[in-house]
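Before any comments, here is the structure.
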Amino acid sequence: MLVPRHVYGAPPCEGRPHWVLHTLGACLLVLAGRRGEERRFEFVMSLPADWIPSERWPAYMLRRASSAILAVGSAPDEGGVVFNSAEVDHGSPHVFALLVAPSRQLGERAHVRTRSRSSVEVYAMYPLTFDQWQLHQGGHLDIATVPEIIEHWREMLR
């Protein structure tokens, strides 16, 4: 099976003061949508400007999360969650899981057509604290309130 083996990084620049990690090639796999339609995806993760590329956890998690989604063979549900193995306490600002949803940063550009007229959707991995995950489990989390830039992930490396 083809899965994203590489994650690429775009450094901060004018107009985007943070890093963006992204897959390239995930859209080669066609996933089944809920109504039988074909869907294709690429995945992004945003990190603060002080992220150092030698810190491998973000790229590893993006690759792991996107590979898990693609291995299922069906389109990801908006609001799906991918967990990290580290434990986080109530009230902690640190990342407990990643929420999968269309990229807000890209807006209308999160849905593009290729030259071959295929449709590709860009889904982002949003950081969830343990408390946000519990709200999500109960159906009380507004995804629009979750930041797209993952600030507090380093604690997960213990």
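The values are calculated or read from the model by the stated rules, or taken from the named source; none is laboratory data. Note that this is a predicted model, so its numbers are computed, not measured. Counting neighbours? That spans all protein chains shown, and the Cβs are built from the backbone with ideal geometry, glycine included. These area figures cover heavy atoms from the full protein model, side chains too; ligands, DNA and RNA do not enter into them. Shrake-Rupley method; radii C 1.70, N 1.55, O 1.52, S 1.80 Å.
Some values worked out for this structure:
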{"quantity": "Test: residue in the stretch 110-127 that is modelled with pLDDT of 90 or more, within 11 Å of the chain's Cα centre (by Cα), farther than 19 Å from C27 by Cα and surrounded by 18 or more Cβ atoms within 10 Å (Cβ to Cβ)", "calculated": "yes"}
{"quantity": "Pair list, Cβ under 7 Å, 6 or more apart: the stretch 147-158 residue closer than 11 Å to P93 by Cα and among the small types (G, A, S), other residue open to solvent by 90 Å² or more (accessible area, probe 1.4 Å) and at pLDDT below 85", "calculated": "none"}
{"quantity": "Conditions (1) in contact with a Gly (Cβ under 8 Å, 6 or more places away or on another chain); (2) surrounded by 21 or more Cβ atoms within 10 Å (Cβ to Cβ); number of the one not met by I143", "calculated": "(2)"}
{"quantity": "Residue check for L98: modelled with pLDDT under 90, under 16 Å from C27 (Cα atoms), open to solvent by less than 20 Å² (accessible area, probe 1.4 Å) and not β-branched (V, I, T)", "calculated": "no"}
{"quantity": "In the stretch 89-114, the residues that are within 9 Å of F130 (Cβ to Cβ) and in a strand (DSSP E or B)", "calculated": "A97"}
